[in-house]
Amino acid sequence: MKNIFVLCTGRCGSVSLARALDYAENYTCGHETRSQFVGQKRFDYPANHIEVDNRLSWLLGRLDNAFGKDAFYVHLKRDISKTAESFAKRFDKGIMAAYHTAILMQGRKKNPDLDPLDFCLDYCNTVNDNIMHFLRDKPYQLTVHMENMDAQLPELWCAIEAEGDVELALKEFDNKHNASNV
């Protein structure tokens, strides 16, 4: 098949999906495996690899230049309220700290009346809109919802022609991975 990229906001089950997709015997699979690299090295994924990395949503132009219409793209989504609430628990860490202090140029400081959840929802909407725009011309794509994984993982498994035990892969969703109790 092709390389597969799972694009998402983060805090939406990406670690669980990566663990499930690791059961595909005809692919390698990783979660944020090249996130520390810059330049071309950032996109030097091996052939027949599934990469789950929410940071790719900020590098979509470069991802398009590297893989374009030759890759299969998965837009992983989770209920936006639950995703935002999970980010709110980590408001001053990671991407949320960067979003409300740098990307929005001191947005929290200049809008002290706004609840942190407002920023988290704005972040989630921004990332999902960026991904949807990126996918508008991609022939190989599927949107999957964490809440429907029982039905959608087998659909994804078939779409990417994965080999291996999808029933065993589904059991990964019985475990909490990287949870923040939301």
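The values are calculated or read from the model by the stated rules, or taken from the named source; none is laboratory data. Remember, it's a predicted structure, so these values are computed and weren't measured experimentally. Every residue, glycine as well, gets a Cβ built from its backbone with ideal geometry; the counts of neighbours run over all protein chains shown. Note: accessible area is taken over every heavy atom of the protein model, side chains too, but ligands, DNA and RNA are not part of it. Shrake-Rupley method; radii C 1.70, N 1.55, O 1.52, S 1.80 Å.
Being open to solvent by less than 60 Å² (accessible area, probe 1.4 Å) and at pLDDT 95 or above: is that true of Met96 here?
Considered against the rule, which asks whether it is open to solvent by less than 60 Å² (accessible area, probe 1.4 Å) and at pLDDT 95 or above, Met96 comes out as no.
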Is there any pair linking a residue in region 57-71 that is open to solvent by 60 Å² or more (accessible area, probe 1.4 Å) to one that is not in a helix (DSSP H, G or I), with Cβ under 7 Å and at least six apart or on different chains, and which?
-> Lys69/Lys138; Lys69/Pro139; Asp70/Lys2
Answer yes if at least one residue in region 83-90 is in a helix (DSSP H, G or I) and surrounded by fewer than 14 Cβ atoms within 10 Å (Cβ to Cβ), and no otherwise.
-> no
Would it be correct to say that Glu32 is more than 20 Å from Arg136 (Cα to Cα), of a type in the set (D, E, K, R) and surrounded by fewer than 16 Cβ atoms within 10 Å (Cβ to Cβ)?
-> no
For region 37-47, indicate whether the set of residues that are touching a residue at least 60 places away in the same chain (Cβ under 8 Å) and hydrophobic (A, V, I, L, M, F, W, C) is non-empty.
-> no
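Of these, Asp53, Asp79, which one is open to solvent by 60 Å² or more (accessible area, probe 1.4 Å) and not basic (Lys, Arg)?
After ruling out the rest, the residue left standing is Asp79.
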Given region 100-182, what helices (runs of 4 or more DSSP H) lie entirely inside it while holding 1 or more residues that are of a type in the set (Gly, Ala, Ser), open to solvent by less than 90 Å² (accessible area, probe 1.4 Å) and at pLDDT 95 or above?
-> 149-159, 166-170
Among strands (runs of 3 or more DSSP E) lying entirely in region 2-64, which contain 2 or more residues that are in contact with a Ser or Thr (Cβ under 9 Å, 6 or more places away or on another chain)?
-> 4-7, 49-52
